[in-house]
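J.: My structure is below; once you've seen it, I'll send some questions.
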Amino acid sequence: MARSLRRPGSQAFLDTTVGTMADSRPHWRSTPDSQNRNILAAIRQLDTADDAQLRWLLEFLRTLLCGDTQRMHGPPELIAPNDFESWFSATSDQTQQSPPPDPLLRQVVLQHRAMANWAGALQSRARDRAAITPADFDRFAEAVVHYHGSLRALERALIHDACMADPLTGVWNRSSLTDRLAAERDRAQRHGGPCSLSMMDLDHFKDINDRHGHAAGDRVLRSVVDVAKRHLRRYDSIFRYGGEEFLFCLPNISVPEARNTMDRIREDIAALRLALPDGSASAITITASFGVAEMDTHHPIEASIERADRALLRAKGGGRNQVCT
C-alpha cells in the first residue's frame with residue numbers, strides 16, 4: 001500500500017477523500033456537483049487502496065513464510081506501509097484539523113496504524129530468527145481484518161452520501177429528507193431552540209423549459225441553488241423536493257429570521273440574468289416564491305413540511321415572488 005500511495009494517482013485519494021471530508025460527512029448539506037464527483041472519485045480510490053493493501057499483505061506474508069532475508073532487511077516500507085501515517089498527517093495539517101476530520105476516516109488511520117505495528121513486530125521476530133507464536137500472528141490477522149472493515153465502512157458511508165445527493169444541483173435529494181429532518185427535530189427536542197423550514201418554488205419554471213429547452217432549465221436550477229447557498233450557513237440544509245421545488249432547513253433560526261433570509265435569496269434570484277445556451281443576446285430571468293414555517297418538534301416531520309407548503313401556496317396565490325409565513 002505504501003508504494004501505491006506514492007504513485008501519482010494516490011494524490012487523488014488524498015485530495016478527494018480527506019478534502020471532501022474536511023467539513024465532516026454530516027455537514028455535506030449543500031454539496032456542489034463537482035464535490036459529488038469528488039465523492040465518487042474517493043470511492044474509486046478506496047477500492048484502489050484496498051487492492052493495494054491486499055497486494056502488500058501477500059508480499060508481507062511471503063517474506064514471513066519463505067524467509068526472504070533480503071526483503072526482511074530492505075526498506076521498511078516494503079514490509080509495513082508506514083507512508084500512510086505521514087500521508088494522512090500532512091493532510092490533517094493542511095486542513096488544520098486535529099484529530100482528523102471524520103470519525104470513519106480517523107478509524108481507518110487507527111486501524112492502519114495497528115496493522116503496521118503488528119507487521120513490524122512480526123518482521124522483527126522473523127529477522128531475529130525468533131519463533132512467531134500463533135497468538136502473535138492472530139493479533140496481526142485481527143488488525144488486518146479490522147483495517148479492512150474500517151475501510152469498507154468508510155466506503156459504504158461515501159456511497160450512501162453520494163446516493164443521497166441530487167446529481168444536477170448537488171443538494172440533498174428527497175430520499176434523504178425524512179431522516180435528516182428527523183435528526184434536526186431530535187436535536188431541537190434535546191437542546192431547545194427553534195428550527196425553521198422553508199419551501200421554495202420557481203415561478204413559471206415550465207415556461208423556461210418550453211421556450212428555451214431543458215438545458216436552459218437545468219442551468220436555472222443550478223444557478224438558483226448557487227444563489228441560495230451564498231445566504232446559508234454551513235449547517236443549513238437544502239433538499240430538492242420536486243422538479244423546481246426546494247426545501248430549506250434552518251436550525252436555530254426563528255420564523256422571522258428565516259423569512260428575512262429567504263427574502264434576501266428571493267431578491268438575488270430575481271436579479272439573475274442568465275445567458276441562453278445558444279449564446280443569443282437575450283437573457284433568462286426567474287423569480288421564486290417562498291413559504292416559511294417553524295418545525296413542530298412534537299408532531300411528524302410531514303406536518304411541518306405541510307405547513308411550509310401551505311405558506312408557499314399563499315405566496316403563489318398572492319402574486320408570486322414573495323415570502324409568506
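No value in this document is a laboratory result; all are computed from the given coordinates. Just so we're clear, the structure is a prediction, and the values are computed from it rather than from any experiment. We place every Cβ from the backbone using ideal geometry, glycine too, and count neighbours over all the protein chains shown.
J.: Just flag the trypsin sites (Lys or Arg not before Pro) in segment 100-129 sitting in loop per DSSP whose Cβ has no more than 15 other Cβ atoms within 10 Å.
T.: Answer in residue order: Arg129.
J.: If you don't mind, another one. Viscosity 0.890 mPa s, temperature 25 °C: give me the Stokes-Einstein translational D for segment 116-209 in µm²/s, with Rh taken as the Kirkwood radius over C-alpha pairs.
T.: D, rounded to a whole number, is 131 µm²/s.
J.: Let me ask something else. Taking all pairs of different Cα atoms in segment 174-324, averaging 1/r and flipping that mean, what Kirkwood radius in angstroms comes out?
T.: Computed over segment 174-324, the radius equals 15.8 Å.
J.: Any chance you could get the radius of gyration and Dmax over the Cα atoms of segment 232-318, in Å?
T.: 15.2, 52
J.: Here's a follow-up. Can you give the extra length, in nm with one decimal, that the chain gains between Phe137 and Leu168 once fully stretched, where that is 0.36 nm per residue apart less the Cα-Cα distance?
T.: Extending this stretch completely gives an extra 6.2 nm.
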